[in-house]
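The values are calculated or read from the model by the stated rules, or taken from the named source; none is laboratory data. Being a predicted model, the structure only gives us computed values, none of them experimental. Counting neighbours? That spans all protein chains shown, and the Cβs are built from the backbone with ideal geometry, glycine included.
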Amino acid sequence: MSTAVESHDLLSILAPDGTVDATLDPRLGDELLLRMYRAMVTVRILDERLLNLQRQGRIYFYLVSKGQEACSVGSAAALTPEDWVVPAYRQPGAFLFRGVAIKDMVAQCYGNAWDNTKGRQMPVHYSFRAQNMVSISSPIGTQLIQAAGVAMAMRRRGDARVALTFIGDGGTSSNDFHSGLNFAAVDKAPVIFICENNGWAISCPTRKQTGSETFAQKAIAYGMPGVRVDGNDVLAVYKATRDARERALAGEGPTLLELVTYRMGGHSSSDDPSRYVPSEELEAWERKCPIARFKLYLEAKGIWDEAKDEALREEARAEVNQAVRDNERVPRPELETLFTDVYAEMPETLRRDLEREREARGEGKFP
Ligand SMILES: Cc1ncc(C[n+]2csc(CCOP(=O)(O)OP(=O)(O)O)c2C)c(N)n1
Ligand SMILES: [Mg+2]
């Protein structure tokens, strides 16, 4: 069992200058390392493009995960495709790493006829069944109880899989944080709770969020280990998640990981962080950029260089631009989709509403 002292330490393997602690290096294969790097770079490019589309009025809302790419990609890389992920809204990197197509993510943000949520969800509220990724919920915290439930079910079925879920520092103040951790710990459910402590919950700084010295130490009260990890260090995130996964599969129950990171953009497209984020604080964290640090590591290993980097960025930009161009041509979802998928058999009242809407559309009232 973890002690308070352990949960105050910070697991760190890759320093901002790209040097690695050889005793802790998980020694991942080149192919996996490059897949992780590709996902991190791609998500940064996708984020920039989608935020620009919001500024142009083409999508109505967006949330960037700039600065937190190592959290979502490092943890997703430590799973198998059969594991389940119950994300919050700042883990598009996990979707990309698990193989979701950029075109499908862009479609979800447009809410068009290609969108598998049929325009019913806010942008960035992705869910992809084929990748075992459960829908993002807008209320912060609910995903923790969902993940605990998923893991409890898997334990009862005897599945050798885990559930991974994410929450922000602000989300730890929700009732669901308590319910999720408590249920999972009592049941010894195979779930990994990740708290991405990015310094802010909209404009509320971390120091006003909790009286605890760390978020990791909250685990102790629930009877599970809490580990503080450098969230801008993709190797440390990977290692901590892999260890938590092994623990969960050995029947030892859940783990809480606090990933110490920083939100390098606004809370959402509706936010102006320049009104409350001290510029020195942001600049200090920009120097700890998780992508730049990982790049230095790959270069030092001799498997990456500037030319490859530029080619990768070009390729990612082209893919994102193509996905946007394709989605621009896609119409809105059919009106009927408002009425379908809710009941196995459409009740009479809904059927009447649908008929009424069809008639009204026939009269030209609906575009
Ligand atoms: C239950 C609930 N309360 C309030 C909100 C409004 N809200 C949306 S995001 C957010 C801040 C979340 O901060 P944090 O958990 O630190 O996540 P971050 O945005 O930093 O990733 C709040 C208060 C909400 N969505 N749900
Ligand atoms: Mg936060």
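When Asp176 is tested against (1) within 17 Å of the chain's Cα centre (by Cα); (2) within 9 Å of ligand 1 (Cβ to nearest atom); (3) at pLDDT 95 or above, just one condition goes unmet, and that condition is (1). Residues in region 252-277 that are within 16 Å of ligand 2 (Cβ to nearest atom) and in a loop (DSSP other than H, G, I, E, B): Thr261, Tyr262, Arg263, Met264, Gly265, Gly266, His267, Ser268, Ser270, Asp271, Tyr276, Val277. For region 322-337, the condition holds for no residue, the condition being that it is more than 30 Å from Val100 (Cβ to Cβ), out of contact with any strand residue (DSSP E or B) (no Cβ under 6 Å at 6 or more places or on another chain) and of a type in the set (A, V, I, L, M, F, W, C). Of all residues in region 160-181, those that are of a type in the set (D, E, K, R) and touching a residue at least 60 places away in the same chain (Cβ under 8 Å) total 1. Taking the conditions exactly as written (among the acidic types (Asp, Glu) and more than 16 Å from ligand 1 (Cβ to nearest atom)), does Asp159 satisfy them or not? In short, yes. Residues in region 227-243 include at least one that is part of a strand (DSSP E or B), within 16 Å of ligand 2 (Cβ to nearest atom), under 21 Å from the mean Cα position of the chain (by Cα) and not charged (D, E, K, R). Looking only at residues of region 185-202 that are more than 17 Å from the chain's Cα centre (by Cα) and closer than 26 Å to Val234 by Cα, we find that the one that is farthest from ligand 1 (Cβ to nearest atom) is Pro190. On inspection, Val191 passes the criterion of being more than 12 Å from ligand 2 (Cβ to nearest atom) and either modelled with pLDDT under 95 or touching a strand residue (DSSP E or B) at 6+ places or on another chain (Cβ under 6 Å) (or both). Taking the criterion of being in a strand (DSSP E or B) and small (Gly, Ala, Ser), the only residue of region 185-220 that qualifies is Ala201. Checking every residue in region 168-184 against the condition of being part of a loop (DSSP other than H, G, I, E, B), surrounded by fewer than 23 Cβ atoms within 10 Å (Cβ to Cβ), more than 16 Å from ligand 2 (Cβ to nearest atom) and in the same structural domain as Trp285 (by TED's automatic domain parsing) gives zero matches. Taking the stated definitions as given, is Thr214 crowded, with 18+ Cβ neighbours inside 10 Å, away from ligand 2 (no atom under 16 Å from the Cβ) and of a type in the set (Val, Ile, Thr)? Against the criterion (crowded, with 18+ Cβ neighbours inside 10 Å, away from ligand 2 (no atom under 16 Å from the Cβ) and of a type in the set (Val, Ile, Thr)), Thr214 does not qualify.
A single member of Arg332, Arg317 is exposed (fewer than 15 other Cβ atoms within 10 Å of the Cβ), touching a residue at least 40 places away in the same chain (Cβ under 8 Å) and either of a type outside the set (D, E, K, R) or within 25 Å of Trp114 (Cβ to Cβ) (or both), and it is Arg332.
Screening Asn112, Asn175, Asn132 for residues that are closer than 19 Å to Val73 by Cβ and of a type in the set (S, T, N, Q) leaves exactly one candidate, Asn132. Counting only helices (runs of 4 or more DSSP H) that fall entirely inside region 1-101 and contain at least 3 residues that are touching a residue at least 60 places away in the same chain (Cβ under 8 Å), the qualifying elements are 4-8, 30-55, 69-76. Out of all the residues in region 315-323, is one or more hydrophobic (A, V, I, L, M, F, W, C) and touching a Phe, Trp or Tyr at 6+ places or on another chain (Cβ under 9 Å)? No - not one qualifying residue is present in region 315-323.
When region 140-167 is filtered for residues that are within 16 Å of ligand 2 (Cβ to nearest atom) and assigned to a helix (DSSP H, G or I), the ones remaining, listed by number, are Gln143, Leu144.
Hey, can you tell me all the residues within region 204-213 that are more than 9 Å from ligand 1 (Cβ to nearest atom) and either under 21 Å from Val64 (Cα atoms) or touching a Gly at 6+ places or on another chain (Cβ under 8 Å) (or both)? Residue satisfying the conditions is Pro205 alone. A single member of Ala70, Ala101, Ala88, Ala78 is assigned by TED's automatic domain parsing to the domain that holds Asp326, closer than 26 Å to Phe294 by Cβ and more than 15 Å from the chain's Cα centre (by Cα), and it is Ala101.
Every condition in (1) under 14 Å from the mean Cα position of the chain (by Cα); (2) part of a loop (DSSP other than H, G, I, E, B); (3) farther than 18 Å from Tyr238 by Cα holds for Asn116 except the one numbered (1). Residue-level check: of (1) touching a residue at least 60 places away in the same chain (Cβ under 8 Å); (2) closer than 25 Å to Ala113 by Cα, Tyr297 misses just (2).
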